[in-house]
Amino acid sequence: MIITFVEHDGGRADRSSLEALTFARRLASGLGDSLGAVLFGPEAAAAAAGLGAYGVTEAHLVDDSRLDAYAPAAWGRSLAGLVGTTSPAIVLAAGTDRGQEVLAYAAAMLDTPMAANCIEVRPGEPFEVTRQRWGGSLLEEARLDGAVRFLTIAEHATQPEEAVAPSTVRVAAFSPTLSEADLRVRVVARVAPEVGKVSLADARVVVGGGRGVGGAEAFSELEELAGLLHGAVGVSRVVTSAGWRPHSQQVGQTGTRIAPDIYIACGISGAIQHIVGCKAAKTILAINTDREAPIMSRAAYAVIGDLHSVVPALSAEIRRRQAS
Amino acid sequence: MNVLVCVKRVPETGGRVTLSSDAREIDTRYLGFTVSPHEECATEEAVRLIEANGGSSTVLTLGPEAASDQLRAAMAIGIDRAILLETDGQDWDPVSTSVAIVDAIRAEAAAGVSYDLLLFGNEAADSGDFQVAIRVALALGLPCINGVKSLAVKDGVATARREAGGGWEVFEVPLPAVLAVREGINLPRYPSVPGRLRAKKKEIERSVPVARLVGAMGPAAGPEKIRLRLPAETEGRVEILGTGAEAAPAVVDLLERIGVLAR
Ligand SMILES: Cc1cc2nc3c(=O)[nH]c(=O)nc-3n(C[C@H](O)[C@H](O)[C@H](O)COP(=O)(O)OP(=O)(O)OC[C@H]3O[C@@H](n4cnc5c(N)ncnc54)[C@H](O)[C@@H]3O)c2cc1C
Ligand SMILES: Nc1ncnc2c1ncn2[C@@H]1O[C@H](COP(=O)(O)O)[C@@H](O)[C@H]1O
């Protein structure tokens, strides 16, 4: 069996978990193996019911009210326990915060390696994976050992796809054995997202600003354009390191991954660590004084010139058309 | 209070990466080196904690002799001590790395140095294994919080917050604890000239870690790197819409075409 750790919200599996399940189902069918899932939390049963569409035949619901709030080590311990009783060949999860974390705990508890952010798996002996390094700007082919193979699947690398024929999900409760130490780390409070704000990760339009913007004040030009397009402002690391903008606006390997319809990158050179954060944009438009900047080979469109004249001209043109 | 921060030397890549001829490493002939931004922030956080609470901060790396540069960079912003677990420059996998770090922390304890906080980056910049901190914490029996973007330490308790779904998750653990932090938790300072000079003169404590794993007796290590490869890139040709402000109408036409401009 292949067991997938499934994250869910409001009784439905998260998109990244559906990606992982799609990946896992293909792997399982290649191996002639079955697909199982493990879910935590009070809404686990509801979420599990929807997994037949993805080919899951067996869902393990971890049954322990102490685990209703997220508790990384205890969730990992539960998964390790489940592995002990079900002996899967492979355990996988989406490469999300929780996916990486819960699998890393379970793998470590079982003295087994784990490969993070895989995009391909070649099962067999040796068992090989291709995984992302440097946030996805470089790939590594690696050998993964262990009686059970633990791996996470890079987000956005697989499209979620339902199985041709849905399966019936057999649901089983699993009661983990936990120690006090496993329960030390728990979410004790949550702060809800700000309402009404266009979030960078979900924005359809992102206006990006880099070193070329030149200072904190000049960002008002980018704010204006983003506002007219109901979009968000994103920035490069140079900008956050200089304190011109908060880190929450940083796009890239150590910032946010964006996937807008259009990314308007102003005064950004296109360093590889920035590109991994914006390459999911449908269209990239670069505004740069340098025709040879690396961003030019990633962008579909470009305007060559000083952003301080181009960006205000764009806003003016939009206003002019909106008024007419 | 004693704080240990773990950092990893990585090449500072720019617009384009090339690989060594055996495809096992990045070609670093024309590159500088650095540590992950997450680890720069972990280092800054360590310095701030000691400034606020007193005590001592230590930076540790497992890497080649050249990684002394990264240790000195940390001392230049105020870290007190530096430990180099010296390798021959080959990349160590995350299991072996965590074992070496645990051994070093145990050796420190045997010499009478115990740490209240062990700070890590959330993931290493190059390998992105997302696990060394967790493995170290489990081996030492310590609680661990990952993805930390805000931290307060008071009366022996660490309150850490991390981003989740646009909002925040709050965790609370007693010290000693392991925290893996993310860039954004603070704005690291630049080293001062006197800071740099001081760091240059400081001693680096060295030892050679033993890769004492793999095989039938010990736990399995890995993942084991076979080779690197560059992802296939769809490098289309860029269409220049114009030069300077005159390009505005062409750009706005484009915005209308792709449907992001409501009229
Ligand atoms: C491990 C690691 C992780 C990293 N993570 C990230 C990350 O998450 N996000 C990130 O962004 N970076 C990240 N970086 C940093 C990255 O390598 C680059 O240093 C950074 O992206 C460069 O930012 P920039 O493009 O704004 O600046 P620069 O590279 O200096 O480029 C400025 C550009 O502006 C143009 N320009 C200047 N003036 C004007 C003008 N008036 N009008 C128009 N154009 C102008 C220039 O031609 C140039 O192309 C990371 C680095 C490392 C080592
Ligand atoms: N070679 C190393 N030396 C010291 N610390 C390391 C090393 N490798 C990883 N780490 C630490 O562990 C964190 C997570 O690494 P990883 O699990 O490899 O993504 C990094 O951000 C560092 O803080």
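The values are calculated or read from the model by the stated rules, or taken from the named source; none is laboratory data. These numbers were taken from a predicted model, which means no experiment stands behind them. Ideal geometry is used to build each Cβ from the backbone, glycine not excepted, and the neighbour counts take in all protein chains shown.
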Subset tally (residues that are modelled with pLDDT under 95, among the acidic types (Asp, Glu) and crowded, with 17+ Cβ neighbours inside 10 Å) for segment A:107-154
1
Members of segment A:20-35 found to be part of a helix (DSSP H, G or I), over 15 Å from A:Glu58 (Cβ atoms) and not polar (S, T, N, Q), listed by number
A:Ala20, A:Phe23, A:Arg26, A:Leu27, A:Gly30, A:Leu31
Every residue from segment B:39-66 that is of a type outside the set (S, T, N, Q) and within 16 Å of ligand 1 (Cβ to nearest atom)
B:Glu39, B:Glu40, B:Cys41, B:Ala42, B:Glu44, B:Gly63
Segment A:287-314, residues that are aliphatic (A, V, I, L, M) and more than 7 Å from chain B (Cβ to nearest Cβ):
A:Ile287, A:Ala293, A:Ile295, A:Leu307, A:Val311
Any chance segment A:220-241 includes a residue that's within 12 Å of ligand 1 (Cβ to nearest atom), under 30 Å from A:Arg133 (Cα atoms), among the hydrophobic types (A, V, I, L, M, F, W, C) and within 11 Å of chain B (Cβ to nearest Cβ)?
no
Please state which of the following conditions B:Ile83 fails to meet, knowing it meets all the rest: (1) more than 16 Å from ligand 1 (Cβ to nearest atom); (2) within 14 Å of chain A (Cβ to nearest Cβ).
(2)
Could you grab the pairs with beta carbons closer than 6 Å, sequence gap of 6+ or different chains, first residue in segment A:90-114 and under 24 Å from A:Arg15 (Cβ atoms), second one of a type in the set (Lys, Arg)?
A:Ile90/A:Arg149
Would you say B:Leu119 is under 16 Å from B:Ala46 (Cα atoms), in contact (Cβ under 8 Å) with a residue 40 or more places away in the chain and either surrounded by 24 or more Cβ atoms within 10 Å (Cβ to Cβ) or not hydrophobic (A, V, I, L, M, F, W, C) (or both)?
yes
With the structure loaded, tell me whether B:Ala133 is away from ligand 1 (no atom under 16 Å from the Cβ) and outside any strand (DSSP E or B) or whether it fails that test.
yes
Within segment B:224-263, track down each residue that is in a loop (DSSP other than H, G, I, E, B) and farther than 20 Å from A:Met296 by Cβ.
B:Gly259, B:Val260, B:Leu261, B:Ala262, B:Arg263
Looking at B:Ala125, B:Ala107, can you tell me which residue is within 16 Å of ligand 1 (Cβ to nearest atom) and modelled with pLDDT of 95 or more?
B:Ala125
Among the residues of segment B:164-180, how many are facing chain A (nearest Cβ under 8 Å) and either among the β-branched types (Val, Ile, Thr) or within 16 Å of ligand 1 (Cβ to nearest atom) (or both)?
2
Looking at segment A:174-192, can you tell me whether even one residue there is among the aliphatic types (A, V, I, L, M), within 23 Å of A:Pro260 (Cβ to Cβ) and within 12 Å of another protein chain (Cβ to nearest Cβ)?
no
If B:Val113 satisfies all but one of (1) facing chain A (nearest Cβ under 8 Å); (2) part of a loop (DSSP other than H, G, I, E, B); (3) out of contact with any His (no Cβ under 8 Å at 6 or more places or on another chain), what's the number of the condition it fails?
(1)
Determine whether B:Arg162 is within 25 Å of A:Val238 (Cβ to Cβ) and part of a helix (DSSP H, G or I).
no
Checked against (1) within 11 Å of ligand 2 (Cβ to nearest atom); (2) at the interface with another protein chain (Cβ under 9 Å from one of its Cβ atoms); (3) in contact with a Lys or Arg (Cβ under 8 Å, 6 or more places away or on another chain), B:Ile145 satisfies every condition except (1)
Based on what the data block shows, is A:Gly212 surrounded by 13 or more Cβ atoms within 10 Å (Cβ to Cβ) and in the same structural domain as A:Thr283 (by TED's automatic domain parsing)?
yes
Run A:Glu217 past the list (1) of a type in the set (Asp, Glu); (2) more than 12 Å from ligand 1 (Cβ to nearest atom); (3) within 12 Å of chain B (Cβ to nearest Cβ) and report the number of the one that doesn't hold.
(3)
Among strands (runs of 3 or more DSSP E) completely within segment A:116-196, the ones holding 3 or more residues that are free of Cβ contacts under 8 Å to residues at least 40 places away in the same chain are A:128-133, A:138-143, A:187-191
From the list B:Ser36, B:Ser96, pick out the single residue that is hydroxyl-bearing (Ser, Thr, Tyr), within 16 Å of ligand 1 (Cβ to nearest atom) and within 14 Å of chain A (Cβ to nearest Cβ).
B:Ser36
Test A:Ala281 against the stated conditions and say whether it is away from ligand 2 (no atom under 16 Å from the Cβ) and more than 9 Å from chain B (Cβ to nearest Cβ).
yes
Of the residues in segment B:35-91, those that are part of a loop (DSSP other than H, G, I, E, B), under 22 Å from B:Tyr190 (Cβ atoms) and either without any contact (Cβ under 8 Å) to a residue 40 or more places away in the chain or touching a Leu at 6+ places or on another chain (Cβ under 6 Å) (or both) come to B:Asp80
Residues of segment B:1-34 being part of a loop (DSSP other than H, G, I, E, B), within 30 Å of A:Ala293 (Cα to Cα) and of a type in the set (A, V, I, L, M), in sequence order, are B:Val17, B:Ala23, B:Leu31
When the residues of segment A:242-278 are filtered to those that are within 8 Å of chain B (Cβ to nearest Cβ) and within 6 Å of ligand 1 (Cβ to nearest atom), which remaining residue is farthest from B:Ser36 (Cα to Cα)?
A:Ser269
